[in-house]
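S.K.: My questions all concern the structure below.
The values are calculated or read from the model by the stated rules, or taken from the named source; none is laboratory data. This structure is a prediction, so every number in the text was calculated from the model and none was measured. Here the Cβ positions follow ideal geometry from the backbone for every residue, glycine too, while neighbour counts run over all protein chains shown. Areas reflect the complete protein model, heavy atoms only, side chains present, ligands, DNA and RNA absent. Shrake-Rupley method; radii C 1.70, N 1.55, O 1.52, S 1.80 Å.
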Amino acid sequence: MKQVLAIGGLDSSCGAGVIRDAATIQSLGKQPRVAVTAVTAQSATGVRDIHPVPSQTLDAQIVPAHAIKIGMLCDDVRVRTVCRALEKVSPCPIVLDPVLSASSGGRLLSDAGAGWLLTELIQKVTLITPNLQELSLLADWCGEPSQDPLKQADALRRAGALAVLIKDGHGTGRIAKDRLITDGEVHVFEAPRLGVSRRGTGCTLASAIACGLAEGRSLPNACEMGKSVVTAYLAEET
Ligand code: PLP
(Lines give C-alpha, C1' and ligand atoms only; values in the text may rest on other atoms or scores of the structure.)
Protein backbone atom coordinates (compact mmCIF):
# COMPACT_ATOMS: atom_id res chain seq x y z
CA MET A 1 0.00 0.00 0.00
CA LYS A 2 1.35 3.48 -0.87
CA GLN A 3 2.27 5.60 2.13
CA VAL A 4 1.56 9.34 2.28
CA LEU A 5 3.13 11.42 5.05
CA ALA A 6 1.28 14.51 6.32
CA ILE A 7 3.48 17.04 8.13
CA GLY A 8 1.40 19.66 9.97
CA GLY A 9 -0.43 20.84 13.04
CA LEU A 10 -2.78 18.88 15.25
CA ASP A 11 -6.11 20.71 15.42
CA SER A 12 -7.92 19.70 18.63
CA SER A 13 -11.30 20.34 16.97
CA CYS A 14 -10.37 17.87 14.18
CA GLY A 15 -11.65 20.23 11.46
CA ALA A 16 -8.24 20.64 9.80
CA GLY A 17 -4.59 19.70 10.23
CA VAL A 18 -3.08 16.21 10.26
CA ILE A 19 -6.28 14.52 11.45
CA ARG A 20 -8.12 15.82 8.37
CA ASP A 21 -5.11 14.89 6.22
CA ALA A 22 -5.06 11.33 7.57
CA ALA A 23 -8.81 10.95 6.98
CA THR A 24 -8.40 12.08 3.35
CA ILE A 25 -5.38 9.86 2.73
CA GLN A 26 -7.14 6.82 4.20
CA SER A 27 -10.33 7.50 2.22
CA LEU A 28 -8.24 7.39 -0.96
CA GLY A 29 -6.85 3.96 -0.12
CA LYS A 30 -3.39 5.04 1.05
CA GLN A 31 -1.60 4.43 4.33
CA PRO A 32 -1.34 7.72 6.28
CA ARG A 33 1.68 8.70 8.35
CA VAL A 34 1.76 11.97 10.30
CA ALA A 35 4.50 14.23 11.64
CA VAL A 36 3.09 16.81 14.07
CA THR A 37 4.71 20.27 14.03
CA ALA A 38 2.57 21.78 16.79
CA VAL A 39 -0.36 20.87 19.01
CA THR A 40 -3.11 23.48 18.77
CA ALA A 41 -6.21 24.10 20.86
CA GLN A 42 -8.87 25.33 18.43
CA SER A 43 -12.57 25.67 17.86
CA ALA A 44 -14.44 26.88 14.79
CA THR A 45 -14.22 30.39 16.25
CA GLY A 46 -10.58 30.68 17.24
CA VAL A 47 -7.10 29.36 18.00
CA ARG A 48 -6.73 29.31 21.81
CA ASP A 49 -3.24 27.90 22.24
CA ILE A 50 -0.28 26.57 20.24
CA HIS A 51 2.43 24.31 21.60
CA PRO A 52 5.28 23.66 19.13
CA VAL A 53 6.66 20.12 19.07
CA PRO A 54 10.43 19.95 19.84
CA SER A 55 12.62 19.75 16.73
CA GLN A 56 14.02 16.37 17.69
CA THR A 57 10.55 14.85 18.03
CA LEU A 58 9.39 16.42 14.76
CA ASP A 59 12.47 15.14 12.96
CA ALA A 60 11.97 11.61 14.32
CA GLN A 61 8.40 11.53 12.95
CA ILE A 62 9.51 12.32 9.37
CA VAL A 63 9.91 9.00 7.58
CA PRO A 64 10.17 7.98 3.90
CA ALA A 65 6.86 7.89 2.01
CA HIS A 66 5.58 7.72 -1.57
CA ALA A 67 4.47 11.36 -1.27
CA ILE A 68 4.48 14.08 1.38
CA LYS A 69 1.94 16.80 2.18
CA ILE A 70 3.05 19.76 4.32
CA GLY A 71 0.58 22.07 6.11
CA MET A 72 0.95 24.18 9.29
CA LEU A 73 4.60 24.74 10.17
CA CYS A 74 4.20 27.13 13.15
CA ASP A 75 7.56 28.95 13.10
CA ASP A 76 11.09 29.20 11.69
CA VAL A 77 12.45 26.43 13.93
CA ARG A 78 9.87 23.94 12.60
CA VAL A 79 10.38 25.08 8.95
CA ARG A 80 14.14 24.57 9.25
CA THR A 81 13.68 21.19 10.94
CA VAL A 82 11.40 20.03 8.11
CA CYS A 83 13.88 21.30 5.46
CA ARG A 84 16.70 19.32 7.10
CA ALA A 85 14.55 16.19 7.59
CA LEU A 86 13.47 16.21 3.92
CA GLU A 87 17.13 15.67 2.98
CA LYS A 88 17.12 12.31 4.78
CA VAL A 89 14.00 10.90 3.08
CA SER A 90 14.36 9.64 -0.47
CA PRO A 91 13.10 12.05 -3.13
CA CYS A 92 9.32 11.92 -3.54
CA PRO A 93 6.59 14.36 -4.63
CA ILE A 94 5.94 17.04 -1.98
CA VAL A 95 2.81 19.22 -1.83
CA LEU A 96 3.05 22.36 0.32
CA ASP A 97 -0.14 24.02 1.56
CA PRO A 98 1.28 27.34 2.82
CA VAL A 99 -0.94 27.64 5.89
CA LEU A 100 -0.55 31.14 7.36
CA SER A 101 -3.63 31.35 9.57
CA ALA A 102 -6.79 29.48 10.51
CA SER A 103 -10.05 30.58 8.89
CA SER A 104 -10.98 31.91 12.36
CA GLY A 105 -8.04 34.32 11.99
CA GLY A 106 -5.41 32.88 14.41
CA ARG A 107 -1.84 32.94 13.07
CA LEU A 108 -0.38 29.48 12.36
CA LEU A 109 3.00 30.57 10.90
CA SER A 110 5.27 33.29 12.28
CA ASP A 111 6.83 35.96 10.03
CA ALA A 112 10.24 34.35 10.50
CA GLY A 113 8.72 30.99 9.54
CA ALA A 114 7.27 32.52 6.36
CA GLY A 115 10.75 33.90 5.57
CA TRP A 116 12.31 30.43 5.76
CA LEU A 117 9.42 28.93 3.81
CA LEU A 118 10.08 31.38 0.96
CA THR A 119 13.86 31.10 0.94
CA GLU A 120 14.44 27.41 1.69
CA LEU A 121 11.40 25.16 1.72
CA ILE A 122 9.72 26.43 -1.45
CA GLN A 123 12.62 25.12 -3.57
CA LYS A 124 12.21 21.59 -2.23
CA VAL A 125 8.56 21.05 -3.10
CA THR A 126 6.78 19.81 -6.23
CA LEU A 127 3.74 22.05 -5.79
CA ILE A 128 2.60 24.92 -3.56
CA THR A 129 -1.17 25.42 -3.11
CA PRO A 130 -1.93 28.94 -1.81
CA ASN A 131 -5.42 30.39 -1.59
CA LEU A 132 -5.86 33.92 -2.97
CA GLN A 133 -5.09 35.59 0.36
CA GLU A 134 -1.99 33.47 1.04
CA LEU A 135 -0.76 34.04 -2.52
CA SER A 136 -1.03 37.82 -2.16
CA LEU A 137 0.78 37.84 1.23
CA LEU A 138 3.54 35.52 -0.02
CA ALA A 139 4.12 37.68 -3.13
CA ASP A 140 4.34 40.76 -0.86
CA TRP A 141 6.90 38.96 1.31
CA CYS A 142 8.87 38.09 -1.86
CA GLY A 143 9.08 41.86 -2.44
CA GLU A 144 6.85 41.62 -5.53
CA PRO A 145 3.45 43.03 -4.52
CA SER A 146 0.76 42.85 -7.19
CA GLN A 147 -3.04 42.72 -7.47
CA ASP A 148 -2.85 40.05 -10.19
CA PRO A 149 -2.78 36.43 -8.93
CA LEU A 150 -0.88 35.30 -12.06
CA LYS A 151 1.88 37.86 -11.37
CA GLN A 152 1.88 36.83 -7.69
CA ALA A 153 2.31 33.19 -8.77
CA ASP A 154 5.21 34.25 -11.01
CA ALA A 155 6.84 35.79 -7.91
CA LEU A 156 6.60 32.41 -6.14
CA ARG A 157 8.07 30.69 -9.19
CA ARG A 158 10.98 33.12 -9.16
CA ALA A 159 11.42 32.26 -5.45
CA GLY A 160 11.94 28.63 -6.54
CA ALA A 161 8.47 27.04 -6.72
CA LEU A 162 8.27 24.49 -9.56
CA ALA A 163 4.49 24.76 -9.75
CA VAL A 164 1.78 26.88 -8.12
CA LEU A 165 -1.89 25.90 -7.78
CA ILE A 166 -3.91 29.10 -7.26
CA LYS A 167 -7.00 28.09 -5.29
CA ASP A 168 -10.10 30.10 -6.11
CA GLY A 169 -12.19 28.83 -3.18
CA HIS A 170 -12.31 32.29 -1.61
CA GLY A 171 -12.95 34.01 -4.95
CA THR A 172 -16.23 35.13 -6.50
CA GLY A 173 -18.37 33.97 -9.44
CA ARG A 174 -20.56 30.95 -10.08
CA ILE A 175 -17.63 28.73 -11.06
CA ALA A 176 -14.55 28.20 -8.86
CA LYS A 177 -11.55 28.13 -11.21
CA ASP A 178 -8.30 26.80 -9.73
CA ARG A 179 -5.26 27.49 -11.93
CA LEU A 180 -2.12 25.36 -12.03
CA ILE A 181 0.92 27.34 -13.17
CA THR A 182 3.91 25.29 -14.27
CA ASP A 183 6.77 26.04 -16.62
CA GLY A 184 5.06 28.04 -19.35
CA GLU A 185 1.73 26.27 -18.91
CA VAL A 186 -1.58 27.12 -17.23
CA HIS A 187 -4.15 24.39 -16.51
CA VAL A 188 -7.60 25.42 -15.30
CA PHE A 189 -9.80 23.21 -13.08
CA GLU A 190 -13.41 24.29 -12.81
CA ALA A 191 -16.17 23.28 -10.42
CA PRO A 192 -19.46 24.95 -9.48
CA ARG A 193 -19.04 27.23 -6.46
CA LEU A 194 -21.23 25.51 -3.87
CA GLY A 195 -21.74 28.56 -1.64
CA VAL A 196 -20.77 26.65 1.50
CA SER A 197 -17.61 26.84 3.53
CA ARG A 198 -16.12 24.05 5.58
CA ARG A 199 -12.96 23.83 7.67
CA GLY A 200 -10.17 21.69 6.31
CA THR A 201 -10.76 22.20 2.57
CA GLY A 202 -7.11 23.26 1.99
CA CYS A 203 -5.85 20.22 3.91
CA THR A 204 -8.21 17.91 1.99
CA LEU A 205 -7.16 19.27 -1.41
CA ALA A 206 -3.39 19.14 -0.80
CA SER A 207 -3.59 15.66 0.78
CA ALA A 208 -5.66 14.34 -2.14
CA ILE A 209 -3.15 15.78 -4.64
CA ALA A 210 -0.32 14.10 -2.70
CA CYS A 211 -2.23 10.79 -2.95
CA GLY A 212 -2.62 11.27 -6.71
CA LEU A 213 1.12 11.94 -7.08
CA ALA A 214 1.89 8.87 -4.91
CA GLU A 215 -0.11 6.83 -7.45
CA GLY A 216 2.13 8.18 -10.22
CA ARG A 217 -0.41 10.56 -11.76
CA SER A 218 0.84 13.64 -13.61
CA LEU A 219 0.61 16.94 -11.71
CA PRO A 220 -2.39 18.24 -13.72
CA ASN A 221 -4.16 14.90 -13.33
CA ALA A 222 -3.47 14.79 -9.56
CA CYS A 223 -4.80 18.37 -9.22
CA GLU A 224 -7.94 17.42 -11.16
CA MET A 225 -8.46 14.48 -8.81
CA GLY A 226 -7.84 16.73 -5.77
CA LYS A 227 -10.43 19.21 -7.02
CA SER A 228 -13.08 16.49 -7.34
CA VAL A 229 -12.28 15.16 -3.83
CA VAL A 230 -12.63 18.63 -2.28
CA THR A 231 -15.85 19.33 -4.23
CA ALA A 232 -17.34 16.12 -2.80
CA TYR A 233 -16.11 17.13 0.70
CA LEU A 234 -17.86 20.50 0.36
CA ALA A 235 -21.01 18.90 -1.07
CA GLU A 236 -21.38 16.94 2.21
CA GLU A 237 -22.18 20.35 3.81
CA THR A 238 -25.02 21.23 1.39
N1 PLP B 1 -5.25 24.26 12.04
C2 PLP B 1 -4.32 23.46 11.56
C3 PLP B 1 -3.52 22.64 12.51
C4 PLP B 1 -4.10 23.40 10.19
O5 PLP B 1 -3.16 22.61 9.69
C6 PLP B 1 -4.89 24.20 9.33
C7 PLP B 1 -4.76 24.14 7.89
O8 PLP B 1 -3.98 23.42 7.31
C9 PLP B 1 -5.81 25.03 9.86
C10 PLP B 1 -5.99 25.03 11.21
C11 PLP B 1 -6.57 25.95 8.99
O12 PLP B 1 -7.69 25.34 8.59
P13 PLP B 1 -8.99 26.22 8.41
O14 PLP B 1 -8.63 27.28 7.41
O15 PLP B 1 -9.96 25.24 7.89
O16 PLP B 1 -9.33 26.81 9.74
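S.K.: Return the only residue of Ala85, Ala60 being open to solvent by 10 Å² or more (accessible area, probe 1.4 Å), under 26 Å from Gln123 (Cα atoms), at pLDDT 95 or above and among the aliphatic types (A, V, I, L, M).
M.R.: When all the criteria are applied, what remains is Ala60.
S.K.: Give me the pairs: first residue in segment 39-61 and more than 15 Å from Leu109 (Cβ to Cβ) and β-branched (Val, Ile, Thr), second residue open to solvent by 30 Å² or more (accessible area, probe 1.4 Å) and within 10 Å of the ligand (Cβ to nearest atom), beta-carbon distance under 6 Å, and six or more apart or on different chains, which are they?
M.R.: From segment 39-61, the pairs are Val39/Leu10; Thr45/Ser104.
S.K.: For segment 95-104: of the residues being more than 9 Å from the ligand (Cβ to nearest atom) and touching a residue at least 60 places away in the same chain (Cβ under 8 Å), which is nearest to Asp49 (Cα to Cα)?
M.R.: Ranking the qualifying residues of segment 95-104, first place goes to Leu96.
S.K.: So, in segment 88-118, how many residues would count as being part of a helix (DSSP H, G or I) and modelled with pLDDT under 95? Reasoning before the result, please.
M.R.: Step one: list which residues in segment 88-118 are part of a helix (DSSP H, G or I), which gives 88, 111-118.
Keeping just the survivors that are modelled with pLDDT under 95 gives 88.
Qualifying residue count, segment 88-118: 1.
S.K.: Considering only residues of segment 121-135 that are more than 16 Å from the ligand (Cβ to nearest atom) and within 21 Å of Lys151 (Cα to Cα), which is farthest from the chain's Cα centre (by Cα)?
M.R.: Of segment 121-135, the ones more than 16 Å from the ligand (Cβ to nearest atom) are 122-124, 126.
Next, from what is left, pick out any that are within 21 Å of Lys151 (Cα to Cα): 122-123, 126.
Numbers: Ile122: 12, Gln123: 15, Thr126: 11 Å.
The selected residue is Gln123.
S.K.: Any residue in segment 8-25 that is closer than 15 Å to Arg198 by Cα sitting within a Cβ distance under 6 Å of a residue that is among the acidic types (Asp, Glu)? List the pairs, counting only those 6 or more apart or interchain.
M.R.: Gly17/Asp11
S.K.: For segment 177-220, what are the residues that are more than 26 Å from Thr119 (Cβ to Cβ), within 16 Å of the ligand (Cβ to nearest atom) and aliphatic (A, V, I, L, M)?
M.R.: Matches in segment 177-220: Leu194, Val196, Ala208.
S.K.: Looking only at segment 95-114, how many residues end up being of a type in the set (Ser, Thr, Tyr) and under 22 Å from Gly226 (Cβ atoms)?
M.R.: 2
To keep it simple, each residue is scored yes or no on (1) among the β-branched types (Val, Ile, Thr); (2) within 12 Å of the ligand (Cβ to nearest atom).
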{"site": "Ser12", "(1), (2)": "no, yes"}
{"site": "Thr57", "(1), (2)": "yes, no"}
{"site": "Pro64", "(1), (2)": "no, no"}
{"site": "Asp76", "(1), (2)": "no, no"}
{"site": "Thr81", "(1), (2)": "yes, no"}
{"site": "Leu86", "(1), (2)": "no, no"}
{"site": "Gly106", "(1), (2)": "no, yes"}
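S.K.: Now for a different question. Give segment 64-87 a look and list any residue that's outside any helix (DSSP H, G or I) and in contact with a helix residue (DSSP H, G or I) (Cβ under 8 Å, 6 or more places away or on another chain), or say none.
M.R.: Matches in segment 64-87: Ala65, His66, Ala67, Ile68, Lys69, Ile70, Gly71, Met72, Leu73, Cys74, Asp75.
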